[in-house]
Amino acid sequence: MDTILKTNNLTLSFNGKKILDNLSLNFREGEIHAVVGPNGAGKSTFASIVMGLEGYRKFEGDIIFKDISIKKLGVYERAKLGITMGWQEPARFEGLKIRQFMQASTKDKKEDSIVKALSILGIDYREYSERAIDKSLSGGERKKFELASIVAMQPELVILDEPDSGIDVASLDNIFSAIKHLHSNGATVILITHSLEVLKNAQYAYLLCSGTLLDEGKVSKIRKYFEGKCLSCAHKNIPLFSELEKNI
Amino acid sequence: MLKEEILYEAADLKNIIHDPNVARLVINKDKIISSNIIEGIEINTESIKDGVRIRLIVKEGKIIIKPVHLCFGVTAENAVQNIEINTEIKKGASISLLAHCVFPTAKDVLHKMNAKILLREKAKYSYFEKHIHSPGGGVRVIPKTKVILEKEAKFKTEFELVKGRVGLIDMDIESKCGPDSVMEMMARISGTDDDRIIIRETGYLNGNNSKGVLTSRVAVRDNAKAEIFNKLIASGNYSRGHVDCKEIIKDNGQASAVPIVEVKNATAHITHEASIGSVDKKQLETLMSRGLDEDEATELIIQGLLN
């Protein structure tokens, strides 16, 4: 498969501390990838850089999407190319109705598409359309609406930052259904996660620690290492490279 | 198009204008051009300089099911309109009013309103005021309202500019709440160009267990200015109140918020929140990541705030 997104030596520092250090990853078109690692590994920073969010625009290295550098493009321009993102903690919009939010996101602007996208997340449009996407919704509900808006957008590349965050066990299947739907419609999916449940949905995984790539490969291999070493790691996200090299 | 037709269309009255069960009063500048009074309501009017004085009474115990439509319009480009309304909702009565203030071609129109509203015991009164202005901003709107709520009365008012430019809106509304009464006052306005918005909302929670909420949602763009003064004074036992003011500014817009909360009784409790700032970055980036450009995303966020 062709590479859809490639990062070349991404390096980002805040206050003299390297958050990402020479990170070079390749994402194949149409696959579900996972970027895993413990808290502070740089996963969300990676997602923010790829989406071009404010505060994440000054970095070294390059981001290539379909053979074109998108380093100088803003969020809107990247979205127009087909790139989008789901936040770990979705935004709250005071007063903005779910109908308006979904219409703004939906590619063909048709109500049928909105209804279908929401149904994949187990949501009845009629019940929610006039409700505001604000603090009256739980974090989990907002997460589902955000994912539904991504489904309705029909992106080419979607980065989902901790897609299970704030989601109850009963709703996890809805989240996974949406991921599968995106994949089956040809989207490339990047799951940013430290959850083994989420990791299961991926076909290929990258393991990060302290902003560097420790390993990559099939999910079973990365999962084994992540579960065995990272989850109980005591080195506070400062990789002990000699030990890691020995274990990998 | 006839003057009354302009008002009927702008105020969305076309469907109810022939309905005998819907009370209405339509005024163009200082002339009553249409009215319908239904059982349970008394409306008396008299001419005053540049306007109309109205006395509105809802009889004791009467529940007016369908909203009463009021339309205060000026179809001329230059005019002064004075409206005085004295309203009394008798004991146990209930009414909902939908008022349209329509100045579609205004170049220099001054609309002044003085309203006094007396809500007797257990009376209920809802007032939704929607403004339709000309696109050039040649409107000055100066409404002053004083409300008295007797025991267990309920008062709710909303003010919204739905079309056109603000021009100048300088509104002043004051409520005095008796025991177990409830009042809600809300204003939602978006200003552009050199519009000026001044909102003064004051609530006195004098009665025991009285409750009040003052809410303002304002967006200012270009060189527009907004000043919001929200004041809530609680002196009744166990009175409860909240002041909530949010303002979004863009371009060279300027906004100020002065929330004053005063508690004169140890059992009372008042909270307030006020925020002024540019459009929230995360909201903006979320919408832009769905393919909206910055202006479209900002517009949608402001629409939400004003919903």
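Normalising the average separation of contacting C-alpha pairs (under 8 angstrom, six or more residues apart) by the number of residues puts the relative contact order of chain B at 10 percent. So if R0 is 45 Å, what FRET efficiency would A:Ser119 and B:His272 give, r being the distance between their Cβ atoms, rounded to the nearest 0.05? Rounded to the nearest 0.05, the efficiency is 0.65.
Pull up the cross-link candidates among the aspartates and glutamates for A:Lys116, meaning alpha carbon to alpha carbon under 12 Å and not fewer than 8 places away within one chain. Result set, ordered by chain and number: A:Asp124. So the label point goes 7 Å from the Cα of B:Gln303 along Cα→C-beta, right? Which residues of the stretch B:155-184 then have their backbone N under 20 Å from it? Correct set: B:160-166.
Solvent-accessible area of the stretch B:190-283 (1.4 angstrom probe, protein heavy atoms only): carbon and sulfur portion equals 45 percent.
For B:Thr75, nonlocal amide neighbours, meaning residues 5 or more places apart or on other chains whose placed amide H falls under 5 Å from its own, are B:Lys29.
Please list B:Glu88, B:Glu227 in order of solvent-accessible area, largest first, computed with a 1.4 Å probe with all protein chains present. The partial results should precede the final answer.
Working: B:Glu88 15, B:Glu227 50 Å².
From most exposed to least exposed: B:Glu227, B:Glu88.
Shown in residue order for the stretch B:212-218 are the 3J(HN,Hα) couplings computed by the Karplus curve 6.51 cos²θ - 1.76 cosθ + 1.60 at θ = phi - 60°: x, 10, 10, 10, 10, 10, 9 Hz (x for Gly and Pro). For the stretch B:166-243, relative contact order (Cα pairs under 8 Å, six or more residues apart, normalised by length) works out to 35 percent.
With each run of n ≥ 4 DSSP H residues scored as -39500 (n - 2.57), what mean residue ellipticity at 222 nm is computed for chain A after dividing by its residue count and rounding to the nearest 500 deg cm²/dmol? Don't skip to the end; give the middle numbers.
On the way: 10 runs with 87 residues, N = 248.
Helix-only estimate at 222 nm: -10000 deg cm²/dmol.
With a probe of 1.4 Å, find how much accessible area the stretch A:151-224 has per residue, and write the answer as a whole number in Å².
Working: 2780 Å² over 74 residues.
With all protein chains present, the stretch A:151-224 gives 38 Å² per residue.
Determine which residues of the stretch B:267-302 fall in the zone a paramagnetic label at A:Lys109 would reach in this model, i.e. backbone nitrogen under 19 Å from the point 7 Å along Cα→Cβ. Answer for this model: B:287-302. Over chain B, accessible surface divided per residue gives 42 Å², non-protein components excluded, 1.4 Å probe.
For B:Lys163 and A:Lys6, a Förster radius of 56 Å and the Cβ-Cβ distance give a FRET efficiency of 0.65, rounded to the nearest 0.05.
The mean sequence separation of alpha-carbon pairs under 8 Å and at least six residues apart, normalised by the residue count of the stretch B:86-169, gives a relative contact order of 35 percent.
Using R₀ = 25 Å, calculate the FRET efficiency as 1/(1 + (r/R₀)^6) where r is the Cβ-Cβ separation of B:Ile63 and A:Arg99; round to 0.05. Each step should come with its number before you reach the end.
On the way: r = 32 Å, r/R0 = 1.29.
With a Förster radius of 25 Å, E is 0.20.
In whole angstrom, note down how far apart the Cα centers of the stretch B:204-281 and the stretch B:21-79 are. A separation of 31 Å, based on Cα centres. For the stretch B:183-216, the residues whose amide N sits under 17 Å from a probe point set 7 Å from the Cα of B:Asp222 along the beta carbon direction are B:189-198.
With all protein chains present and a 1.4 Å probe, how do B:Val263, B:Val218 order by accessible area, largest first?
Working: B:Val263 70, B:Val218 0 Å².
Most to least solvent-accessible, the answer reads B:Val263, B:Val218.
A crude spin-label estimate for the pair A:Ser220 and A:Lys80, with each label 7 Å from Cα along the Cβ direction, gives 4.5 nm. Which of the three applies to chain B, rounded, prolate or oblate, going by the alpha-carbon gyration tensor with a ≥ b ≥ c and a/c under 1.5 meaning rounded? Here chain B falls in the oblate category.
222 nm [θ] for chain B, helices only, -39500 (n - 2.57) per DSSP H run of 4+, per residue, to 500?
Working: 3 runs with 29 residues, N = 307.
Calculated from helices alone, the mean residue ellipticity at 222 nm is -2500 deg cm²/dmol.
When accessible surface is computed with a 1.4 Å probe, chains A and B are found to bury approximately 2100 Å² between them, both chains counted. Between B:Phe128 and A:Glu130, the simple label model (points 7 Å from Cα in the Cβ direction) yields a spacing of 1.0 nm.
The values are calculated or read from the model by the stated rules, or taken from the named source; none is laboratory data. Since the model is a prediction, treat every value here as computed from it, not as a measurement. Here Cβ is always computed from backbone atoms with ideal geometry, including for glycine, and neighbour counts include all displayed protein chains. The area values use the complete protein model at the heavy-atom level, side chains included, leaving out ligands, DNA and RNA. Shrake-Rupley method; radii C 1.70, N 1.55, O 1.52, S 1.80 Å.
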